[in-house]
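Report on the structure given below.
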């Protein structure tokens, strides 16, 4: 019997996919506020100090008139510069608040639907799919395509383009052996990274130290030692093994052109890829972004729910099934052999036709060429309740339906009481031609 609970929307489960949607702009708001706060404190301290010096000079009558006017002009320029900077922060805050409001409205609309059959849910689900597609493109580095999709669908407020562009830019720079932008990002988020116990900044400084020593130029050794004292030795308590290894790199190292240079993990170029991955992990943790694209998560859940053992048949078994000597019914609900129920399937319903012309793909999305390989390693869903109607019947053409639904449709369409219509193909049959089937 069909379970009515299967069409009820479980809002809490849906929200598992929406955490990133809300947290990312929230973290951006915090960062924007912190930037404005730092700018105010820095400039106000400088202006107060200059004003106090000017006032003291005037009271002591030791100030030159032109110097005092110049000092006042300088303070006015500082205030105007601060005002312009704060206007930029205010515009960014307004944009983020507008985006956050649109996202809360989008998530809130979900609670207006009780079941998957409610009017409007399909449109809401389409918006979410477009958003997941845009996020996926951004995470794969296709920023331009993501922008076009978001613009075409009108979901710019629901897509985080700027943060992912920053991530992609820094990730690319690390893969090109440049740490400047990554260090600047660490400086902007130093407080948060410290709370996360992230060692990204240390590893970037460590890589700088390695690159100073890589050429083997003695003139760079002094610079490398100063660099180590300033940026590496202070982390001795947190990363003692790395610090001790760094101290020995000057004395014990392979020749720049020697065979052992890249066999050592410390000197290996693969460290840059590790730094790129480390930055990506820190970026995801900071903004609450799932390590896997949410499109993969949603797709995996959907594929698992639809996947059946029949969707992946071994080559040998498929060859046996495709033999023209044997005909097998397609619908999985036909648990009985066709000989037992007395139904002769037409040629286009046989497994031979299916395997030759991929007719199965028109019935099962997992059997389609687009999803079949993706679903191969996905586990089967654990169905604790059957969703199949309790009064299933099969028609002469092999199609299976609920008997009550066929009779209800015939009644609504004022058909002959002894006639039913195939809801899929539109063919007409006598009610006596229906055969009861059972699920085993």
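The values are calculated or read from the model by the stated rules, or taken from the named source; none is laboratory data. None of the values given here were measured: they were computed from a predicted structure. Backbone-built Cβ (ideal geometry, glycine too); neighbour counts: all protein chains shown.
Scanning segment 380-420 for residues that are surrounded by fewer than 14 Cβ atoms within 10 Å (Cβ to Cβ), free of Cβ contacts under 8 Å to residues at least 12 places away in the same chain and outside any loop (DSSP other than H, G, I, E, B) turns up 408, 411, 412. Just one of the listed residues (137, 129, 104) is within 15 Å of the chain's Cα centre (by Cα), exposed (fewer than 15 other Cβ atoms within 10 Å of the Cβ) and in a helix (DSSP H, G or I), namely 129. For segment 149-169, the set of residues classified as assigned to a helix (DSSP H, G or I) and either under 12 Å from residue 135 (Cα atoms) or assigned by TED's automatic domain parsing to the domain that holds residue 25 (or both) consists of 149, 150, 156, 158, 161, 162, 163, 164, 165, listed by residue number. The conditions of being more than 21 Å from residue 230 (Cβ to Cβ) and touching a residue at least 12 places away in the same chain (Cβ under 8 Å) are not met by residue 195. Here residue 112 fulfils each of the conditions (1) more than 30 Å from residue 273 (Cβ to Cβ); (2) without any contact (Cβ under 8 Å) to a residue 60 or more places away in the chain; (3) in a helix (DSSP H, G or I) apart from (3).
Test residue 103 against the criterion of being assigned by TED's automatic domain parsing to the domain that holds residue 55, modelled with pLDDT of 90 or more and in contact with a helix residue (DSSP H, G or I) (Cβ under 8 Å, 6 or more places away or on another chain), and give yes or no. Yes, satisfied. Checked against (1) within 47 Å of the chain's Cα centre (by Cα); (2) in a helix (DSSP H, G or I); (3) in contact (Cβ under 8 Å) with a residue 12 or more places away in the chain; (4) over 29 Å from residue 162 (Cβ atoms), residue 51 passes all but a single condition, namely (1).
The test for being surrounded by 15 or more Cβ atoms within 10 Å (Cβ to Cβ), under 21 Å from the mean Cα position of the chain (by Cα) and either at pLDDT 95 or above or outside the structural domain of residue 275 (by TED's automatic domain parsing) (or both) does not hold for residue 182.
Does segment 240-250 contain at least one residue that is under 26 Å from the mean Cα position of the chain (by Cα) and more than 17 Å from residue 285 (Cβ to Cβ)? Give the steps one after another, and end with the answer.
As a first pass, look at segment 240-250 and keep what is under 26 Å from the mean Cα position of the chain (by Cα): none.
Taking every residue of segment 240-250 in turn, none turns out to be under 26 Å from the mean Cα position of the chain (by Cα) and more than 17 Å from residue 285 (Cβ to Cβ).
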